[in-house]
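Take a look at the structure set out below.
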Amino acid sequence: MLRTIIEAGGSATRSEIARATELSRPTVDERVTALTRLGLARATTARNSTGGRPASSIEFAAERFISLCVDIGERYARVAFVAFGGKIIAQQAIPIDLTVASDHLLSNVVVAATELQDGLKPEQRQIAGVGVGVPAPVDYPGGRTVGWSVMSGWSGFDIAGYFRDIFGVPTFVDNDVNLLLLAESETVLTDVEHVLFVKIGQGIGSALKISGAIDRGADGAAGDIGHVHVAGREDIICRCGKRGCLEALAGGWALARDFAARESSYAGIDAGEVADVIQHGTPLVMDLVHEAAQRVGEAVAVATSLLNPQAIIIGGRVGCASDQFVAAVRSVVYERSLPLATRKLSILNSQLDDTGGVRGAALLVEQNLLSEEHIDDLALRKDAKT
């Protein structure tokens, strides 16, 4: 019902809501009461243009729909409070160490969030939900990480439950690249139904949008392109323990290794500095980057033939560090794929900045909480507190 009000321009009468939703008037009244109690809607009186009795409308209180959003990366976590529509009210990036215990890392995130929350206006401190992105496969319905990832020891950890217990609101957890794709889709690619988003940062991951919806696969492993096998490179061991993974040849940590092996002045750089090195790259560096981009292009070409996307987005600090990276990917994809799969295909750099993950997390919260199931859940939680 809240979605109906928003789609009507932010305000609708009870009769208009009943017609649009096909709900009975008593049910509409009940839902309006719940939304009003939650602070997400309010009754307003509009002057009737015919001069009759003023009509009472239900207005969406957008300024009260605020999400706590967390984007956990390999080196930093970004914590933000985001208003409905994507406006970031407050944010902070904090250094993290993925090798520490999960509850210890998340407790630091909660401290940062609480400090930000204390600095908000009183009317902004009540949040509607929490959205979290992590660099790992996710059991989306359960809000847990699953399987191997760079988040060592996190498999099965109930991230959603952790935040829900602290903040008392619904919490939604997803893979970080899925959230980037969600943000890109809602801000730039609004009319594109089939998208492949490839993120090249410290590692390599991807996300799929098929027929207008994020496709997470059967077990949350869809899009794990960084661990596809590259034939003939069994000599290279990946962080996952397997040999010849794409990430071990073209990810940020792999490029840091290769830069240092070729040029002693790069000894000691970490994956986080690779993008800066690329932006000021020597011919030697750019040769290595071009080779890495071609490797990525080969994997993306296979995905193009399988999925036939309308757009392929190259994101991540490494992927966006040089126009030559996306150009090399584009060249290989067009060379290796059949004309039918590429005739309408666009291959572009992401338009997102460092806030893309938290913006995607906010959209995840909004999309879930606009469903009747979660509005009812919010109402029940509110009732339980009063």
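The values are calculated or read from the model by the stated rules, or taken from the named source; none is laboratory data. The structure displayed is predicted, hence computed values, not measured ones. Note that we place each Cβ from the backbone using ideal geometry, even for glycine, and neighbour counts take in every protein chain shown.
Can you name every residue in the stretch 308-352 that is on the phi > 0 side of the Ramachandran plot and either surrounded by fewer than 18 Cβ atoms within 10 Å (Cβ to Cβ) or in contact with a Phe, Trp or Tyr (Cβ under 7 Å, 6 or more places away or on another chain) (or both)? Give the derivation first.
The initial filter retains those residues of the stretch 308-352 that are on the phi > 0 side of the Ramachandran plot, namely 308, 316.
The answer is Asn308, and nothing else.
Given the residues Pro283, Pro309, which is the only one that is under 25 Å from the mean Cα position of the chain (by Cα) and not hydrophobic (A, V, I, L, M, F, W, C)? Explain how you work it out, then say what you get.
Working: Pro283 fails: under 25 Å from the mean Cα position of the chain (by Cα).
Every option except Pro309 fails the conditions.
Residues that are farther than 20 Å from Leu181 by Cα, of a type in the set (A, V, I, L, M) and without any contact (Cβ under 8 Å) to a residue 60 or more places away in the chain do occur in the stretch 340-351. When restricted to residues that are surrounded by 15 or more Cβ atoms within 10 Å (Cβ to Cβ) and of a type in the set (Asp, Glu), the stretch 107-153 contains 1.
Whether a residue is assigned to a loop (DSSP other than H, G, I, E, B) and in the same structural domain as Ser337 (by TED's automatic domain parsing) was assessed, and Asp276 does not pass this test.
Residue-wise test of (1) over 20 Å from Ile210 (Cα atoms); (2) assigned to a helix (DSSP H, G or I); (3) among the β-branched types (Val, Ile, Thr); (4) within 20 Å of the chain's Cα centre (by Cα).
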residue	(1), (2), (3), (4)
Ser305	no, yes, no, no
Val318	yes, no, yes, yes
Val333	no, yes, yes, no
Leu363	no, yes, no, yes
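For the stretch 43-66, the condition of being under 27 Å from the mean Cα position of the chain (by Cα) and part of a strand (DSSP E or B) holds for at least one residue. Go through the stretch 1-31 and count every residue that is among the basic types (Lys, Arg) and either touching a residue at least 40 places away in the same chain (Cβ under 8 Å) or surrounded by 18 or more Cβ atoms within 10 Å (Cβ to Cβ) (or both). Of the residues in that region, 3 qualify. Among the residues of the stretch 80-117, those identified as aliphatic (A, V, I, L, M) and in a strand (DSSP E or B) are Ala80, Val82, Ala83, Ile88, Ile89, Ala90, Ala93, Ile94.
Scanning the stretch 32-42 for residues that are assigned to a helix (DSSP H, G or I), surrounded by 14 or more Cβ atoms within 10 Å (Cβ to Cβ) and free of Cβ contacts under 8 Å to residues at least 60 places away in the same chain yields Val32, Thr36. Taking the condition closer than 26 Å to Ala62 by Cα, in contact with a Phe, Trp or Tyr (Cβ under 8 Å, 6 or more places away or on another chain) and of a type outside the set (Asp, Glu), does Leu116 pass? Taking the combined requirement at face value, the residue satisfies it. In the stretch 1-31, the residue that is nearest to Ser56 (Cα to Cα) out of those that are small (Gly, Ala, Ser) and in a helix (DSSP H, G or I) is Ser15. Of all residues in the stretch 118-131, those that are in a loop (DSSP other than H, G, I, E, B) have Cβ atoms under 9 Å from Cβ atoms of residues that are hydroxyl-bearing (Ser, Thr, Tyr), 6 or more apart or on another chain, in Ile127/Ser67; Ala128/Ser67.
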